[in-house]
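Presented below is the structure to which this report refers.
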Amino acid sequence: MDWLDYRWTRFLVIVAGAVTLDLFTKQWALQSLMPYAPLPPHPPLGVLRLVFNDQLAFSLSLPGGGRVLYAVLSMIALAAVAWIAARTPARATHYATGFALVIGGGLGNVIERVFRGQVTDFVSVGVGFNRFPTFNVADILATTGAALYLWLRVRDGVTEEGWRRTLFTLQPLPPSLRTQAPGPRAEAAPRER
């Protein structure tokens with residue numbers, strides 16, 4: 001892998017930009033929003049509401065879990081994504097963009113978990129009091145990157161067997177595992193009367 005290659009420079013710029021945007025918005029939320037403010041009587045679809053998460057995603061927890069364990073688990077997951085990204089063929093620059101967004105978002109949350117002991121969340125969406133778990137810009141970036149990866153895999157046409165064999169690799173698929181794009185339709189021969 002040539003780190004001086006344009007593709008990897010672009011990858012690192014996206015990761016750095018994602019981490020910077022995430023940490024900047026979290027700092028803004030810490031300075032501008034009141035922690036755990038109650039929702040208004042009729043909350044709108046989207047609300048900025050500062051909360052803190054010292055557990056895993058969606059406030060899931062592990063027995064004996066803590067800041068160090070969650071940071072280590074996050075770093076292992078990010079290392080796996082980085083390993084997959086490093087195996088990305090040079091022609092697959094859009095895949096690298098998706099991986100960069102996932103890694104940038106994940107690093108933003110890991111940095112905060114290590115230095116603050118918790119993750120700052122401040123975006124709350126839902127209808128009325130039926131709300132999705134509160135999230136942050138890092139979560140948006142990581143989800144967008146994962147969705148981009150999946151969309152590109154579907155766009156590139158992979159059969160079900162191909163998905164099973166290559167979900168976590170971008171190695172070229174044999175033609176038998178690719179879906180065939182519909183070709184030009186053959187013109188029907190004129191009927192003789």
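Residue check: Leu170 meets all listed conditions (1) surrounded by 14 or more Cβ atoms within 10 Å (Cβ to Cβ); (2) at pLDDT 90 or above but one, namely (2). Please specify each residue of region 122-153 satisfying the condition of being touching a helix residue (DSSP H, G or I) at 6+ places or on another chain (Cβ under 8 Å), of a type outside the set (Phe, Trp, Tyr) and part of a strand (DSSP E or B). Listed by number, the list holds a single entry, Val123. Restricting region 125-138 to residues that are surrounded by fewer than 22 Cβ atoms within 10 Å (Cβ to Cβ) and in contact with a Gly (Cβ under 7 Å, 6 or more places away or on another chain), the residue that is farthest from Phe24 (Cα to Cα) is Phe132. Any residue that is in a loop (DSSP other than H, G, I, E, B), farther than 25 Å from Gln118 by Cα and not charged (D, E, K, R) - is there at least one of those in region 6-17? No - not one qualifying residue is present in region 6-17.
If you check Gly104, Gly66, Gly46, Gly17 for being touching a helix residue (DSSP H, G or I) at 6+ places or on another chain (Cβ under 6 Å) and not charged (D, E, K, R), only one passes: Gly104.
Taking the residues in region 1-56 that are within 27 Å of Leu69 (Cβ to Cβ) and without any contact (Cβ under 8 Å) to a residue 24 or more places away in the chain as candidates, determine which candidate is surrounded by the fewest Cβ atoms within 10 Å (Cβ to Cβ). So the residue we want is Tyr36.
Condition check for Pro63 on (1) farther than 17 Å from Val125 by Cα; (2) within 19 Å of the chain's Cα centre (by Cα); (3) modelled with pLDDT under 75: one failure, at (2).
The values are calculated or read from the model by the stated rules, or taken from the named source; none is laboratory data. Just so it is clear, the model here is predicted, and its values are computed rather than measured. Methodologically, a virtual Cβ is constructed for each residue, glycine included, from the backbone with ideal geometry; neighbour enumeration extends over all protein chains shown.
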